[in-house]
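Here is the structure we will look at.
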Amino acid sequence: MAQVIIGCAISYYLAQAGAQVTLVERDTLASKASRGTFAWINATWAKQPRHYHRLNQMGLDGWHELEQALDIPIRWGGSLEWFSSHERQVTLAADIEEQASWGEAAEMLSGIEVSALEPNLTVSADDAVAYSGGDGALDPVVACQRLAAGAQQYQARILEHCEVRSALSNDEGSVTLSTSLGDLVADRYVVATGADSLATQTLAGVTIPQRSTPGVIVMTKPLPRLIHRVIAAPGIHLHQRDDGKLVIGEQSGAPDNSAHTMRLRGRPTRFPTEATALAHAERMLAITRHYLPAAAGAEVDEVLIGWRPMPIDGHPVIGTPGASPASYLAIMHSGITLAPIVGQLVAQELLTRTPSPHLSNYRPDRQFSSVQGY
Ligand SMILES: Cc1cc2nc3c(=O)[nH]c(=O)nc-3n(C[C@H](O)[C@H](O)[C@H](O)COP(=O)(O)OP(=O)(O)OC[C@H]3O[C@@H](n4cnc5c(N)ncnc54)[C@H](O)[C@@H]3O)c2cc1C
């Protein structure tokens, strides 16, 4: 049992290796975090410490392979990132120096150099901008669909609109998963339920401390090509997909007040009215137009609220918890970047029962520090 981009990737690699796989999704493929995501494939300075950076780097490498194997369109070209505060810029320059010393294709560019790469972008000549040349971005829905189709080619079964309600170990070592479409019997099951922290408790008897936060994603109607790279400008993230749609993500979350707490209870993925959705989109478009005046005529196509699966220390939770030996958890932020490598390593661990050293820092029974790792 496993779900969306993470579940699709694990299913693909498991099925490719010859395992009998059933992918179970309560809703439809790519309906939750793997839809309302910015979908930046990155191993930038923010991925700390080095072991986590390495895992993300392996994620990038994995996407290059999947791009070929499953014909997944990915827009490579790197990312450009800078901040408005002087202090933050100083740290950014130091972070980029560290990245370069780790072998990452990262460097600081001047505003003039950035203008040559992205002529439509407003940057001042004095701005220093971090360029991470290996980054890319994709359409997460297409990626999930291609991974799922790839898994199906290897005989994986996909059940949508199917909720897993409980998991019961049988005497003979198998597990019965009770679902809304009937019982499923399995040797092992993967809980890749994203930000739904109740699911790990119900299905694997383990509480993963999460601080899942919402983020608004706006997609415009198709525009002529305006930008070529991922842009992380002060207050806004942008990239333009191959279909011409501009994808806009905000950096700050919802204001921390009781009115918002009430509204966000139940974790909506859409705003309650179209007018509210458009007001939020307009707010983000105003910042976008500041950095990208050529987007002045952009029309809103879709406004989504995504909920980040975010273990409290910022790192993935991957592996079997002591409380439930037949289960295997795969819960993480940066799941778009990590999906290929997590898919490969989890499939290997499940099939060979040999722990991967690349996953040793992310086990579910670790002590979770509340220090934000990412
Ligand atoms: C606003 C935002 C921006 C982001 N930006 C980036 C980015 O730029 N780069 C990056 O790498 N990552 C980014 N992320 C993170 C990334 O999108 C997630 O880590 C990734 O999508 C998680 O995938 P998943 O498959 O684990 O979770 P999901 O896509 O949420 O899938 C989990 C699925 O489990 C299903 N489910 C839950 N319980 C059950 C049950 N009992 N039975 C059956 N099904 C169940 C749910 O319906 C859901 O579809 C972002 C996330 C958000 C929200």
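The values are calculated or read from the model by the stated rules, or taken from the named source; none is laboratory data. Computed from a predicted model, the values in this text were never measured in an experiment. Positions of Cβ are generated from backbone atoms using ideal geometry, with glycine treated the same way; all protein chains shown enter the neighbour counts.
The residue pairs whose first member lies in region 231-242 and is farther than 14 Å from S79 by Cβ, whose second member is of a type in the set (A, V, I, L, M) and within 15 Å of the ligand (Cβ to nearest atom), and whose beta carbons are closer than 7 Å, counting only pairs six or more residues apart or on different chains, are R241/V247.
Residue-wise test of (1) within 9 Å of the ligand (Cβ to nearest atom); (2) of a type in the set (D, E, K, R); (3) closer than 16 Å to V300 by Cα; (4) touching a helix residue (DSSP H, G or I) at 6+ places or on another chain (Cβ under 8 Å).
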{"residue": "G194", "(1), (2), (3), (4)": "yes, no, no, yes"}
{"residue": "G205", "(1), (2), (3), (4)": "no, no, no, no"}
{"residue": "R225", "(1), (2), (3), (4)": "no, yes, no, no"}
{"residue": "R229", "(1), (2), (3), (4)": "no, yes, no, yes"}
{"residue": "R241", "(1), (2), (3), (4)": "no, yes, yes, no"}
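Let's see how each residue does on (1) more than 15 Å from the ligand (Cβ to nearest atom); (2) at pLDDT 95 or above:
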| residue | (1), (2) |
| --- | --- |
| V218 | no, yes |
| P222 | yes, yes |
| G235 | no, no |
| L238 | no, yes |
| L246 | no, yes |
| S252 | no, no |
| T261 | yes, no |
| P272 | yes, no |
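Within region 207-216, if we keep just the residues that are over 27 Å from R241 (Cα atoms) and within 19 Å of the chain's Cα centre (by Cα), the residue that is farthest from the ligand (Cβ to nearest atom) turns out to be P209. Considering region 118-141, and only residues there that are among the aliphatic types (A, V, I, L, M) and in contact with a strand residue (DSSP E or B) (Cβ under 9 Å, 6 or more places away or on another chain), the residue that is surrounded by the fewest Cβ atoms within 10 Å (Cβ to Cβ) turns out to be A125. L60 meets the stated requirement of being in contact (Cβ under 8 Å) with a residue 40 or more places away in the chain and in a helix (DSSP H, G or I).
Scanning region 130-182 for residues that are out of contact with any helix residue (DSSP H, G or I) (no Cβ under 9 Å at 6 or more places or on another chain) and of a type in the set (S, T, Y) yields S169, S174, T176, S178, T179, S180. Screening L246 against (1) within 21 Å of the chain's Cα centre (by Cα); (2) over 28 Å from S115 (Cβ atoms) leaves a single unmet condition, (2). Within region 180-192, the only residue that satisfies the criterion of being surrounded by 15 or more Cβ atoms within 10 Å (Cβ to Cβ) and more than 15 Å from the ligand (Cβ to nearest atom) is R188.
Of the residues screened, Y13 is one that is farther than 16 Å from S334 by Cβ, part of a helix (DSSP H, G or I) and not acidic (D, E). Comparison of T202, T261 shows that the only residue that is outside the structural domain of V24 (by TED's automatic domain parsing), without any contact (Cβ under 8 Å) to a residue 60 or more places away in the chain, not basic (K, R) and not in a strand (DSSP E or B) is T261. Among residues of region 132-154 being of a type outside the set (S, T, N, Q) and over 20 Å from S334 (Cβ atoms), the one that is nearest to the ligand (Cβ to nearest atom) is A148.
Taking the stated definitions as given, is A94 more than 18 Å from L147 (Cβ to Cβ), without any contact (Cβ under 8 Å) to a residue 12 or more places away in the chain and either more than 16 Å from the ligand (Cβ to nearest atom) or assigned to a loop (DSSP other than H, G, I, E, B) (or both)? Yes, satisfied. Being at pLDDT below 95, of a type in the set (F, W, Y) and out of contact with any Pro (no Cβ under 6 Å at 6 or more places or on another chain) is a property that holds for W102.
Across region 155-179, the qualifying residues are those that are near the ligand (Cβ under 10 Å from one of its atoms) and within 14 Å of L23 (Cα to Cα), and the one among them that is surrounded by the most Cβ atoms within 10 Å (Cβ to Cβ) is V164.
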